[in-house]
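The structure appears below as structure tokens.
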Amino acid sequence: MPDAFTVLWTHDTCRALRRAGRVGERPPVAFSGVHSSLPSWSAARIGDEVYALHVNRCVVHVVCRMRVIDMERRDCCGTAPATWQDPAFPGHDDWSMLGAGGCGAAAVHVEATPVRFEMPIPGDLLTRLTWRNRRGRTRGLKYVVDGRLERAVSLQGFYRLTSESANELAEFVGNDIPSS
């Protein structure tokens with residue numbers, strides 16, 4: 001059974017998506033990194049789902065639901081850079097704001113729902129969401145007050161949801177991901 005993860009997209013990332021006119025479009029790629037400047041998707045496998053979340057004014061939004069289809073550099077990525085000044089993924093310039101320029105960035109090809117910013121997670125669901133670490137320990141979100149997330153620190157990173165939370169989030173979001 002595939003796993004599900006969450007990743008937090010920053011204000012800068014979401015602002016760049018809006019500015020580039022990507023709202024309503026399906027990203028074909030996201031980026032993983034080896035440095036803290038970019039979340040590492042190393043735990044994800046083909047078929048796993050990733051929920052891109054954004055926190056705005058204490059409200060957590062699901063921006064996009066992605067299914068990992070490939071974690072290799074492909075022809076669509078463009079020519080690999082010859083020098084550090086060359087763009088890392090010229091074939092994905094339209095989606096570079098998702099981390100193409102990050103330190104040690106690697107392409108993660110995905111099937112995805114359209115990018116949107118009008119899907120706030122209800123407060124009661126937010127309080128029930130739990131994540132599981134490699135040792136099997138679970139945790140919920142810290143700093144949830146009256147269904148609002150006062151501090152986003154416990155969402156920063158790339159975290160595996162428990163199966164129950166993955167099912168609840170999937171039901172909330174719906175399945176608008178095209179099948180390959």
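None of the figures in this text is laboratory data; all of them are computed from the coordinates on show. What you see is a predicted model, and the numbers here were worked out from it, not measured in a lab. We place every Cβ from the backbone using ideal geometry, glycine too, and count neighbours over all the protein chains shown.
Neighbours of R128, meaning other residues whose beta-carbon lies under 9 angstrom from its beta-carbon, give a summed charge of -3 when Lys and Arg score +1 and Asp and Glu score -1. Here, the chain is characterised by an Rg to Rh ratio of 0.95, where Rg is the alpha-carbon radius of gyration and Rh the Kirkwood radius. The mean sequence distance of close C-alpha pairs (under 8 Å, at least 6 residues apart), as a share of the length of the chain, puts its relative contact order at 30 percent.
Charging the Cβ of each Asp and Glu at -1 and of each Lys and Arg at +1, and nothing else, the dipole of segment 4-172 about its Cα centre rounds to 580 debye. Along the axis of the charge dipole computed for segment 65-104 (Cβ charges of +1 for Lys and Arg, -1 for Asp and Glu, origin at the Cα centre), the listed residues C77, P87, G99 are led at the positive end by G99. Our note on the geometry: Cα centres of segment 68-102 and segment 1-60, 16 Å apart.
In a shell of Cβ-Cβ distance under 11 Å around H61, excluding H61 itself, what net charge do Lys and Arg (+1) and Asp and Glu (-1) give? Every neighbour counted, the sum reads +1. If you line up the long axis of helix 163-173 against the longest principal axis of the chain, both from Cα atoms, how many degrees apart are they, to the nearest 10? Result, in degrees: 80. Using the Cβ of V115 as centre and a radius below 10 Å, the other residues enclosed give a net charge of +3, where K and R count +1 and D and E count -1.
Between the beta carbons of D94 and N133, assuming R0 = 35 Å, the FRET efficiency works out to 0.50 to the nearest 0.05.
In this simple spin-label model, placing a label point 7 Å from the Cα along the Cα-to-Cβ direction at both R116 and R45 gives a separation of 3.1 nm.
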